[in-house]
Amino acid sequence: MSKSLSTRRKIYLFLDAQDYEDVLTPQEARFLAWGKRFDYMMQIVIFLNVLAFVFETVKPIQQVMGIYFEWFERISVGMFTIEYILRVWCITESSAYPKTWHQRWRYITSPMAVIDLFAFLPAYLPLLYQDLRIIRAFRLFRLFRLLKLWRYSSSLRMLIKVVVDKQSDLQVILFTIIVLMIVSASLMYMIENEIQSDKFSSIPHAMWWSVVTLTTVGYGDMYPQTDLGKVLGAITALLGVGLIALPSGIISAGFVQETHRNARLESAYTNAARIRKAFHTNANKIGRTSTFHRALDMITLKSRLQISEEDIFEAIQRQSGLRVRYKKNTKHERFANTLVLEHFDLNRSYGCYINRSAEIAIVSPMSHAEHAIGHFTAHLARYIESDYVSNEMYGERDDLNVDYAFSFSHNNAYTLEHPQGVPKAFLDFKSDLGQVIEPHEMVFIFKSSTSRNEDFNIHFGGNKDTEGFKIDGKSCTVRNLILLEKFYEKLNRNFAKEGLQYNFAMHKHFDNTHSDSLHQYLTKTTFASVITVYINNDLIEWSDDETYYKIIQILGDTITNFF
């Protein structure tokens, strides 16, 4: 069950999303595809606007078609106005412009937004000014509509990107041309001034000759008459041929590089889509709930999809929701000592957030750090249709990637009201937890363990008294002791009934009594009942698919029966 798109998100994808990174779901991809058709339509409208502007100046055509030109102008202005307003409203859906008015104003003052504004604003000026000269002058701003093609044409955007990327090289050439122009103009002035004082009267006048010669235009209005001047003119013309051709070569090479890069990007996104599809091919079901594979080994992907390992890594870098893990196990044959690929849902900076307005919430703070737990909790939440919050991006403090070495399970930042120096993703994680979890809700925090004694450890946090498990004798982590005991006993019986003999343990307290734990943070801030469930890592990582999904189904059915 996926979260429905908001109206603003739909309009953003339709109007402004140009990058593959913006596409997270097939539903979003559809709106992006419709948006590309809208782009083609707007290119046609802009082109027709320019034609209308040109032919309006032809009096015979204006006399016959004037009324049509006027109506077409009104329709175009209306379209450009509505488009501009919608862009300003929905731009906060972009990751580049967070949801603040300050960031929205930053978009309004961006070059592309200014061009959009001037494309229709002059049409409203006659309402303020009646001076025909001013109106005619402002009507020239209609040519700004031609610049709107920059937004809709990928080729124009590519050209501008190439020029920006190569600006340092182009600046060197421009500086060289300016130096050569000044030097050649100065020498020609010294050589020809005595003979042609009317034409080479000063160095600035001689610069016109230098520009014309360097660009090999040669208007013929100024040319040297002395032998030395002709030699200098020949040298200047030959240097000009080479220097003027250099920018074309640099831009052409940049165009080829950018075209190749875009082809690789398109290939990467195509391969990523094929990989994601492979995760859903021949996948199991939990009751009627669809699933996707826990992992696909790299060798299988390479052989089945006919792509290289380099293509797979390129796809992972370009497309969110995929990651590589190294599977090493000496006791099992499956995926032993090999690279495997995992697929996960990603719609937040930290991972996945789904608000189903349920009375049960599944929280997985270590989906990135611990193998398979993210897949397990995602399908458990999907099966019982609970709320779901999962950290898929950040590991523990000892993570090798220092940019993502930040624990969401135990962190002193949970105890601070305004923590400093923490990732924005962590603040988003806390904010989403506060939004989705209600005081009456039942919260299950899932982690994996490496214990050799128990398969399931159920921890309530705090200390047991006559009412429930409490922290410092105040906040209850779990309130109904009788219900808890029945849930624990029923869970044992349900697994035994299916022939799954697992070791269960129920602790009065565990490390969740630490003040910096996620368990205590949720207890104190949401006032919900919170249980942490540790599942043996071998159980969820190495069980066969039939057993694995049966565990999810039994656990899910037991949870929904009691809570």
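Filter 277/302; 447/497; 10/36; 302/327; 497/550 down to the pairs with a C-alpha to C-alpha distance above 20 Å, please. Don't skip to the answer; put the middle values down first.
Numbers: 277/302 14 Å; 447/497 25 Å; 10/36 13 Å; 302/327 17 Å; 497/550 12 Å.
Listed pairs above 20 Å: 447/497.
Would you be so kind as to identify which of 76, 426, 228 lies farthest towards the positive end of the dipole of the chain, taking Lys and Arg as +1 and Asp and Glu as -1 on Cβ and the Cα centre as origin?
Working it through, the farthest residue towards the positive pole turns out to be 76.
So how strong a dipole does the chain carry about its Cα centre when Lys and Arg Cβ are +1 and Asp and Glu Cβ are -1, to the nearest 20 debye?
Details: 61 positive and 60 negative charges, 244 e Å.
About 1180 debye.
Multiply the residue gap between residue 47 and residue 349 by 0.36 nm, knock off their C-alpha separation, and tell me the result in nm, one decimal place.
Numbers: separation 302, 0.36 × 302 = 108.72 nm, distance 3.99 nm.
Extra length available between residue 47 and residue 349 comes to 104.7 nm.
Normalised radius of gyration for segment 347-562, please: alpha carbon Rg relative to 2.2 N^0.38 Å, two decimal places. Each step should come with its number before you reach the end.
Numbers: Rg = 16.4 Å, N = 216, 2.2 N^0.38 = 17.0 Å.
Its radius of gyration relative to the 2.2 N^0.38 Å reference: 0.97.
What is the extension gain from residue 357 to residue 8, computed as 0.36 nm multiplied by their sequence separation minus the C-alpha to C-alpha distance, in nm to one decimal?
123.6 nm
What do you get when you divide the Cα radius of gyration of the chain by 2.2 N^0.38 Å, with N the number of residues?
Values: Rg = 33.8 Å, N = 563, 2.2 N^0.38 = 24.4 Å.
The value comes to 1.38.
May I ask you to order 107-117, 185-195 by the average number of other C-beta atoms within 10 Å around their residues, highest value first?
Details: 107-117: 15.4, 185-195: 18.3.
So the peptides 107-117, 185-195, ranked by packing, come out 185-195, 107-117.
For the chain, give me the percentage of DSSP beta bridges that are antiparallel, rounded to the nearest 5 percent. Intermediate values should be presented prior to the final figure.
On the way: 24 of 45 bridges.
Taking every DSSP beta bridge within the chain, about 55 percent pair in antiparallel fashion.
Between segment 221-254 and segment 37-112, what is the separation of their alpha carbon centroids in Å?
42 Å
Report the full-extension gain for the segment residue 480 to residue 40: residue separation times 0.36 nm, less the Cα-Cα distance, to one decimal in nm. Intermediate results must be reported in sequence, preceding the final value.
Details: separation 440, 0.36 × 440 = 158.40 nm, distance 6.13 nm.
Working it through step by step, the gained length comes to 152.3 nm.
Within segment 179-198, list the residues whose amide N lies under 12 Å from a label point set 7 Å along Cα→Cβ of residue 235.
Backbone N within reach: 183-185, 187-188.
Among 56-64, 229-237, what's the highest-first ranking by average C-beta atoms within 10 angstrom per residue? Intermediate values should be presented prior to the final figure.
Numbers: 56-64: 10.9, 229-237: 16.6.
In decreasing order of mean packing, 56-64, 229-237 become 229-237, 56-64.
If segment 167-262 were replaced by its equivalent ellipsoid, with semi-axes equal to the square roots of 5 times the Cα gyration tensor eigenvalues, what would those be, largest first, whole Å? If you can, show how the numbers build up before the last one.
Working: eigenvalues 215, 27, 18 Å².
Semi-axes, largest first: 33, 12, 10 Å.
Between residue 62 and residue 500, what is the label-to-label distance in nm when each label sits 7 Å out along the Cα-to-Cβ direction?
Simple spin-label model gives 8.1 nm for this pair.
Using R₀ = 41 Å, calculate the FRET efficiency as 1/(1 + (r/R₀)^6) where r is the Cβ-Cβ separation of residue 273 and residue 108; round to 0.05. Write down the numbers at each step before the final one.
Values: r = 35 Å, r/R0 = 0.84.
E between residue 273 and residue 108, to the nearest 0.05, is 0.75.
Please list, ordered by chain and number, the residues whose modelled amide H lies under 5 Å from the amide H of residue 503; skip anything fewer than 5 residues away on the same chain.
455, 456
Got a sec? How would 487, 80 order by Cβ neighbour count within 10 Å, fewest to most? Walk me through the numbers on the way to the answer.
Details: 487 19, 80 24.
Least crowded to most crowded, the residues run 487, 80.
In what sequence, highest mean first, do 411-423, 526-538, 347-359 appear when ranked by Cβ atoms within 10 angstrom? Walk me through the intermediate numbers first.
Numbers: 411-423: 12.8, 526-538: 21.6, 347-359: 19.0.
Descending packing order for the listed peptides: 526-538, 347-359, 411-423.
We did not get these values from a lab; they are worked out from the coordinates using the rules stated. Fair warning: this is a prediction, and the values are worked out from it, not measured in the lab. All Cβ positions, glycine included, derive from the backbone under ideal geometry; neighbour counts span all protein chains shown.
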